[in-house]
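Rule-based calculations on the coordinates, nothing more; no lab input. Only a predicted model underlies this, so the values are computations on that prediction, with no experimental measurement involved. We place every Cβ from the backbone using ideal geometry, glycine too, and count neighbours over all the protein chains shown.
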Amino acid sequence: MSHNVSREEISAMIQMIEGADFDYAIGRETVRTLFGSEQNRVAEEKIYDALTPELAEGSIMLVYGGDGTLLEAARTAVEFSMPVLGVNSGRLGFLTNVPRTEIKNAIDMLARGEYTIERRSLLKVEGDFGRKVYPYALNEFSVQRHHMGMLGIDVEIDGKRTVTYHSDGALIATPTGSTAYSLSAGGPVVAPECGCLVVTPIAPHNLSMRPLIIPDSSVVRIKVDSRESYAMVGLDNQNYTVNSGATFTISRAEKEFFFVKLQNISFYDTLREKMMWGVDTRNR
């Protein structure tokens, strides 16, 4: 749940869920944050302290917020193989693609069975983090400079030396992540059904360096060479400082993310709306 969601919105959504004859449960921390001293507005039997396999079985996780909120929730959803439906409480959202004004319609569609479950690939990253980390990413694994000096990033694919980027950084993105950081760095938009990964340089010194699409069966090895003593790496929205010389191995994970796709919202509908591809700007 995003921090800009009001208790009135959540209360209204609970009424919609009950009206559709669904059962529901809300995490205690969410209830405490939303309702404060009025936590009794949610029945105690509807509050859980920690998600369990029994509670997750046959359930859908409804995430209310932005794509960052969904990325945080995805870590729990993946561990319990829970499908996720994202409701967008902000402006731009490719993962939270249900507008907040369409919550009632979305819940009714769930009740009528008008949805499918998409499997989305995850990255697994192993390497020199220097600490224990959650090793999976739904969007991307990124390497970025921490100071002004550019990085040298050696990339091997399936054991073959491929490229050395002299750049602000580089990232490996899933099809899901192709509309996130990779897109802003000049990477291609990839339909989520494609079985591939995208290797995208960030502000490369050599302008002939272009994004590279590779099979998702590939194993990518990255070595970071920083003029400073360290650089930054990211697993989705989790960032870490690593030493110069750190190496990382990136591959498709065995785990998967399950995404609830309502039948009235396609990936291409989302592209047209979020990227304004259907807007005629000639007379503006």
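Amide H to amide H distances under 5 Å link Gly66 with Ser2, Ser89, where only residues 5 or more positions off or on other chains count and H is placed in the peptide plane.
Compactness ratio for region 207-284: Cα radius of gyration over 2.2 N^0.38 Å (N = residue count) comes to 1.67. At the listed q of 0.21, 0.26 Å⁻¹, the Debye profile of region 83-145, built from one uniform point per Cα, gives log10 I(q)/I(0) equal to -0.94, -1.15. Computed from the alpha carbon atoms alone, the convex hull of region 9-74 holds 105 Å³ per residue. Computed over the Cα atoms of region 46-134, the ratio of the radius of gyration to the Kirkwood radius (Rg/Rh) comes to 1.01. Relative contact order of region 122-253: 32 percent, from C-alpha pairs under 8 Å at least 6 residues apart in sequence. In region 97-253, one over the average inverse separation of all distinct C-alpha pairs is 16.5 Å, which is the Kirkwood hydrodynamic radius. For Leu51, the shell of other residues with beta-carbons less than 13 Å away shows a net charge of -3, using +1 for Lys and Arg and -1 for Asp and Glu. The C-alpha atoms of the chain occupy a region whose extents along the principal axes are 57, 51, 34 Å, arranged from largest to smallest.
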